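Each remark here refers to the structure printed beneath this line.
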Amino acid sequence: MTINPDISVLLSSLELKNPVMTASGTFGYGKEFETLFDLNRLGAIVVKGISLKPMKGNPPPRIVETPAGMLNAIGLANIGIEGFLKDKLPWLNTLNTEVIVNIYGHSINEYGELASAFKGVKGVSAIEVNISCPNVDKGGLVFGKDPEMSGRVTETVVKNTDKPVIVKLTPNVSDITQLAKAVEQAGAHALSVINTLTGMAVDINTRRPRLGNISGGLSGPAIKPVALYMVYQTARAVKIPVIGIGGILNAHDALEFMIAGASAVQVGTANFINPRATIEIIEGIGNYCIEKGINKIKDIVGSLITARQG
Amino acid sequence: MIETYVKILSNTCITPGIFLLRFSSPGLAAEAKPGQFIMVRVNDGIDPCLRRPFSISGTEEEGVVRVLYKVVGKGTEILSNKRAGDRLSVLGPLGKGFDITDPGQHLFIVAGGIGIAPMFFLSQAVNKKAVTFLAGFRRSDEIMDPASVGIKQDISIATDDGSMGYHGRVTDLLEQEIIKQRDNAIAIYACGPLPMLKALSSISNKYRIPCKVSMETFMACGLGACQGCVVRSASALDQISYYHVCKDGPVFDINEIDWDNI
C-alpha cells in the first residue's frame with residue numbers, strides 16, 4: 001500500500017507539486033478566489049489571457065448556460081501587460097505556487113513582444129500561448145487553425161523567452177494532431193488541449209442570438225468526451241507533454257485525462273460551479289494513488305490499455 | 001465571503017411563482033449587507049451546472065438568511081422543489097450593496113416585480129422613519145404581503161392593470177410622491193426591470209435626485225473572475241467600457257450606467 005504517493009509532475013523543465021492547474025479565463029488573476037481556499041496548494045495558476053494593451057471585451061450578453069455547460073464570448077477582456085505586471089503579479093508572487101502567464105496577440109510580432117516582456121520576470125514560471133480563442137474578430141484563432149501559422153507564432157515566442165512555452169490548441173479543426181505536430185516542431189515545450197468548442201444559442205422568443213457576439217466557446221462537462229479523445233490523439237502524436245483540459249469537474253475526470261495521455265490537467269468551468277474543485281481534485285488524485293498502490297502519479301500518464309494491446 | 005453548505009429551514013410559496021427560502025448560516029447573516037447577493041448551487045448534478053445569483057432579502061436573529069425568488073427557469077424550478085432539511089451550497093455575500101450610512105435624507109425605496117427582493121432587506125436595515133416604500137406589480141395577484149416575509153414597513157402599491165393601489169407605473173407614482181416631498185433632501189434606492197430603471201434615470205435627472213439602483217445580469221462565477229456579467233458604463237462617452245455587475249455592483253449610481261446602450 002502506498003502511504004505518501006508522489007503526485008508531482010514534470011512539464012518539460014517545469015516541475016509542479018501536483019498536476020492540477022486553473023484554466024486561463026476561469027480563475028481571474030487568482031486573488032478572486034483567495035478567501036475560498038489555500039491557493040498555495042494548486043499545481044499552478046494560469047492567469048487570464050494578457051494582451052499588450054488592455055482590452056474591453058465583447059458586448060453583453062457574454063455568457064449563456066447550455067445543457068451541462070456554458071457558452072462564453074468574453075472577448076479576452078484584460079488589463080494589459082503593464083497592468084498585470086504592476087497590479088497583479090506582485091501579489092501572485094507572494095504565493096507558493098507556479099504562475100503561468102497566458103498571452104494573446106493580434107499579430108505574430110505582438111506575440112513576440114509579449115514573450116519578450118516576460119523575459120527574466122521573476123515569478124512567471126511559464127508562458128501559455130493562446131492561439132485558439134474563438135471570440136475575437138481578428139483572434140488568435142486566425143493563427144490557431146493553420147498548422148503553419150501556429151508554428152510561426154510558437155517559433156517567435158520560443159525565440160523571445162527564457163521560459164517554457166506551452167501552446168494552447170483549438171479543437172475547432174478537422175485534425176488536431178497536425179497542429180500539435182507543427183507546434184512541437186516549432187519548439188513548444190508542452191501543449192494545452194483543448195480550448196473551447198465554437199457554438200451558439202438562440203432565444204426563440206426574440207429570435208436573437210443569446211450572446212452579443214453571436215457565437216461563443218462551449219465549455220463544461222458537455223465537452224469532456226470530445227476533449228478526452230483529442231488529448232488521447234494528441235498525446236500519441238507528439239513527444240512533448242500534453243495538458244488535458246475540457247469539462248473536468250472532479251478527480252475521476254482528471255484521472256481519465258491522465259490515463260488517456262495528459263501529463264497534467266487544467267480545471268476551468270468547474271471553478272464557477274464549485275470554487276474548491278481544484279483542491280478536491282488534488283485530494284482525489286492522491287486518494288486514488290493510495291487506493292491503487294501507485295507510488296508516482298507520473299506512472300499513470302498514458303497508461304490506457306486498449307483492446308489492441310490485449 | 002464564504003462557500004458553505006447550508007440547511008434549508010423553509011422554502012414556501014408566498015404567491016404564485018414566488019418563493020421565500022430561509023436557511024441557517026450565521027457567518028453569512030452576520031456579514032450580509034442590503035443589496036448584496038449569493039450564488040446558489042441548486043443541484044449536485046451537471047444540468048444546470050452553474051450557480052444562480054440571488055439577492056439577499058433579509059436576515060433574522062440566530063443567523064437565518066432569507067431569499068425571496070421568482071421561478072423563471074430550470075434552476076429556480078429545481079430550487080422551488082427543495083424542502084426543509086435539504087442542503088444547498090451557497091457562496092457569498094458577494095458584491096457591493098446599498099450605502100445605508102447616509103441618514104438625514106428622505107429615502108424612497110422603489111421596487112418593480114421581484115426586484116422587491118433586496119429592498120425588503122434594505123427597508124429592514126434602514127432604521128429611520130423618513131422612508132417611503134413604493135412597489136410596482138403587473139397585477140394584484142403578484143403582490144406579496146410584506147408580513148409574509150417578515151417586514152413591517154408600509155408599502156404603497158402600484159399595479160399596471162389597476163387591480164390594486166395606484167393604477168399605473170410605480171415610477172409615475174414615485175413622481176407624484178417626489179413632488180410632495182419637494183422641500184426635503186431626497187434619495188432614491190431602487191431595484192426592478194430595465195424599463196423601470198430607465199424611467200428612474202429620467203426622473204433622477206429631471207428632479208436632480210441622487211439615485212442608486214441594483215442591477216441584474218447573467219453570471220457564471222459571481223467573483224469577478226469570468227467577466228461575463230458586464231453592463232455598459234456611462235463614464236466614457238466616446239469609448240466603450242464596462243462594469244462587472246458582480247464586483248463593481250450590483251448596486252450602482254444611476255448615472256454610472258449607459259441606459260441608452262444597455
Across the residues of A:21-34, average count of Cβ atoms on other protein chains within 10 Å? 3
Quick one: angle between helix B:170-180 and the longest Cα principal axis of chain B, in degrees between 0 and 90, rounded to 10, please. 50
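Quantify how strongly other chains surround peptide A:62-75 by giving the mean number of their Cβ atoms within 10 Å of each of its Cβ atoms.
For peptide A:62-75, the averaged partner shielding equals 5.
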Relative contact order computed over the stretch B:2-94 (Cα-Cα under 8 Å; 6+ residues apart), in percent: 42
Two-site label geometry, B:I179 and A:N40: point separation in nm, points 7 Å out along Cα→Cβ: 6.6
Can you give the FRET efficiency to the nearest 0.05 for B:S10 and B:K152, using r as the Cβ-Cβ distance and R₀ = 22 Å? 0.65
Averaged over B:136-146, how many beta carbons belonging to a partner chain fall within 10 Å of each residue's beta carbon? 0
Excluding A:A77 itself, what net charge comes from residues whose Cβ is under 9 Å from its Cβ, given Lys and Arg +1 and Asp and Glu -1? +3
For chain B, what does the relative contact order come out to in percent, with C-alpha contacts under 8 Å and a separation of six or more? 18
Give me the percent relative contact order of chain A, please, defined on Cα pairs under 8 angstrom at least 6 residues apart. 21
Highest to lowest packing among A:233-239, B:202-208, A:274-280, scored as the average C-beta count within 10 Å: A:274-280, A:233-239, B:202-208
Over 30 Å (Cα to Cα) - which of A:K159/A:K239; A:K88/A:K239; A:K17/A:K122; B:K33/B:K74 fall in this group: A:K88/A:K239
Distance from the Cα centre of the stretch A:204-245 to that of the stretch A:180-195, in angstrom? 17
May I ask for the angle, rounded to the nearest 10°, between helix B:194-206 and the longest principal axis of chain B, with both axes built from Cα atoms and the value confined to 0 to 90°? 30
Histogram of C-alpha separations across the stretch B:98-216, 5 Å bin width, %: 2, 12, 25, 25, 22, 11, 3, 0
Across the Cα atoms of chain B, what radius of gyration and what greatest pairwise Cα-Cα distance (Dmax) are found, in Å? 17.9, 56
To test your reading of the geometry: what angle, between 0 and 90 degrees and rounded to tens, separates the Cα axis of helix B:116-125 from the longest principal axis of chain B? 80
Report the extension gain between A:R208 and A:S13 in nm, rounded to one decimal, defined as 0.36 nm multiplied by the number of residues separating them, less their alpha carbon distance. 65.4 nm
The correct ranking of A:I305, B:I157 by accessible area at 1.4 Å, largest first, is A:I305, B:I157
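The values are calculated or read from the model by the stated rules, or taken from the named source; none is laboratory data. Every value quoted in this text rests on a predicted model; they were computed, and no experiment measured them. In this analysis, Cβ positions are derived from the backbone assuming ideal geometry, glycine residues included, and neighbour counts consider all displayed protein chains. Side chains are part of the model used for accessible areas, which takes the heavy atoms of the whole protein and leaves out ligands, DNA and RNA. Shrake-Rupley method; radii C 1.70, N 1.55, O 1.52, S 1.80 Å.
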